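The values are calculated or read from the model by the stated rules, or taken from the named source; none is laboratory data. It should be emphasised that the depicted structure is a prediction, and the values quoted were computed from it without experimental measurement. Cβ sites come from the backbone with ideal geometry, for glycine too, and all protein chains shown count toward neighbours.
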Amino acid sequence: MGRKLRMAMIGGGKDAFIGAVHRLAFNMDGQVDLVAGALSVNPEVAVESGRSLYLDENRIYTDYKVMLEKEAAMPADKRIDFVSIVTPNFVHFEPAMLALEKGFHAVIEKPITFTLEQAKQLKQKVEETGLTLLLCHTYTGYPMVKQAKQLLKSGTLGKIRKVYVEYPQGWLSTFLEGTGQAQASWRTDPKRSGKAGSMGDIGTHAFNLAEYITGLQVVKICADLNTIVPGRMLDDDGAVLLHFNNGASGVLMATQVAAGEENNVKIRVYGEKGGIEWKQEDANTLLVKWLDKPTEVYRAGTGYLNSFASHNCRTPAGHPEGYLEAFANLYRNFAFTLQAKISKRPPKEEWLDFPSVNEGVRGMAFIDNVVASSRSDKKWIEFKIS
């Protein structure tokens, strides 16, 4: 293709946590240049943030609609290739739809939209335009998660029987939103976050990880949501029993009131012959447990990994890679795929291995179904996307 991709960012300005993470991630491989931005709803913050990132004054915007209009009118050798949307949940859908309508590819923070209906509309728009969308389910970017996925896909462990996935956090163990803390305030507000709290924020990650690694789909659920901290408007704790489309069963736990826990995402999957175990606190390690022989320890950066895992390793064995590298892997695979499409070349299978709009729709359906199940007096409900 002969050039870097040109990108604009919506949201993620000064002091925004996830915007800075995205910038670290897409800068890691030198495939992308940030050339424009509408970085805040506050005009002063938007301008100050753009200047701090050395954007051209003419491409620092205070309104994303104006930005997309003006960028679309630029010559082909100047206009952006894609938009990265790093706003709170309720400001995902409209900028994403407008970006696609203007002919721009999109990167979106999870969950993909505010409602399931919006997610389905976005999927339709992606299919209509043929554009590429990346949904930032970070944990799918870890090399050993990809190693686990390919191992299970090969059938080496036999038919999958049992899945345990958990995401414990403790940062909302107190009424933090009452102090005015920005992250807590919007994540616990149903008007900005959506109908679920912990299940919408981190439960969707656990759900996506379970379906991604196993290659299976959830078909029935039985959920119990709790609001532990007095005064909180959304759930901060919950558990879900799962039935998968191959007959396997599972358990999903997501809580933000596990005092002392940080972000120790963990998954265990068991087949007929053995199982796998991966956790973010030791992300470079994958345990493969066997019924009739000792446990094997797979390590990132080694020469025996499959092509999907090795493609996403960045350093030799023993050098720790973590969250930022996993995030960067999503951007790199998205960028390589986009560059191939622009150059009319077929992208490699390893590049295409990133979450997109289909995972986004299932994530929003997960939220709807979990909330419905928790409110229902039925033991099990069908997992519906309608």
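Here the condition is being surrounded by fewer than 18 Cβ atoms within 10 Å (Cβ to Cβ), hydrophobic (A, V, I, L, M, F, W, C) and outside any strand (DSSP E or B); of 233, 199, it holds for 233 alone. Examine region 111-131 for a residue that is among the aromatic types (Phe, Trp, Tyr), in the same structural domain as residue 252 (by TED's automatic domain parsing) and under 21 Å from the mean Cα position of the chain (by Cα), and state whether such a residue exists. Within region 111-131, not a single residue is among the aromatic types (Phe, Trp, Tyr), in the same structural domain as residue 252 (by TED's automatic domain parsing) and under 21 Å from the mean Cα position of the chain (by Cα).
All conditions in (1) among the β-branched types (Val, Ile, Thr); (2) more than 23 Å from residue 123 (Cβ to Cβ); (3) crowded, with 16+ Cβ neighbours inside 10 Å hold for residue 86, with the sole exception of (2). Of the candidates 321, 325, 350, the single residue that is under 20 Å from residue 282 (Cα atoms), in a loop (DSSP other than H, G, I, E, B) and charged (D, E, K, R) is 321. Would you check if residue 60 is touching a residue at least 12 places away in the same chain (Cβ under 8 Å) and either out of contact with any Gly (no Cβ under 8 Å at 6 or more places or on another chain) or within 29 Å of residue 351 (Cβ to Cβ) (or both)? For residue 60, the condition - touching a residue at least 12 places away in the same chain (Cβ under 8 Å) and either out of contact with any Gly (no Cβ under 8 Å at 6 or more places or on another chain) or within 29 Å of residue 351 (Cβ to Cβ) (or both) - is not met. The numbered conditions (1) within 28 Å of residue 350 (Cα to Cα); (2) surrounded by 15 or more Cβ atoms within 10 Å (Cβ to Cβ); (3) under 23 Å from the mean Cα position of the chain (by Cα) are all true for residue 215 except (2). Residues of region 27-71 that are aromatic (Phe, Trp, Tyr) and more than 25 Å from the chain's Cα centre (by Cα): 54, 61.
Counting the residues of region 289-318 that are surrounded by fewer than 20 Cβ atoms within 10 Å (Cβ to Cβ) and not in a helix (DSSP H, G or I) gives 20. Do you know which residues across region 328-347 are in contact with a strand residue (DSSP E or B) (Cβ under 7 Å, 6 or more places away or on another chain) and either small (Gly, Ala, Ser) or assigned to a loop (DSSP other than H, G, I, E, B) (or both)? The one that is in contact with a strand residue (DSSP E or B) (Cβ under 7 Å, 6 or more places away or on another chain) and either small (Gly, Ala, Ser) or assigned to a loop (DSSP other than H, G, I, E, B) (or both): 335.
Filtering region 330-384 to residues that are more than 30 Å from residue 21 (Cα to Cα), exposed (fewer than 15 other Cβ atoms within 10 Å of the Cβ) and in contact with an Asp or Glu (Cβ under 9 Å, 6 or more places away or on another chain) leaves only 384. Taking (1) crowded, with 20+ Cβ neighbours inside 10 Å; (2) small (Gly, Ala, Ser); (3) touching a Ser or Thr at 6+ places or on another chain (Cβ under 7 Å) in turn, residue 283 satisfies each apart from (3). Against the numbered list (1) in contact with a Ser or Thr (Cβ under 8 Å, 6 or more places away or on another chain); (2) closer than 30 Å to residue 371 by Cα, residue 85 comes up short only at (1).
The set of residues in region 63-99 that are more than 20 Å from residue 22 (Cα to Cα) and hydrophobic (A, V, I, L, M, F, W, C) comprises 66, 72, 73, 74, 76, 97, 98.
One residue stands out among those in region 345-386 that are polar (S, T, N, Q) and more than 14 Å from the chain's Cα centre (by Cα): the one that is farthest from residue 85 (Cα to Cα), which is 376. Among the candidates 68, 24, 5, the residue that is closer than 23 Å to residue 133 by Cβ, touching a residue at least 24 places away in the same chain (Cβ under 8 Å) and surrounded by fewer than 18 Cβ atoms within 10 Å (Cβ to Cβ) is uniquely 24.
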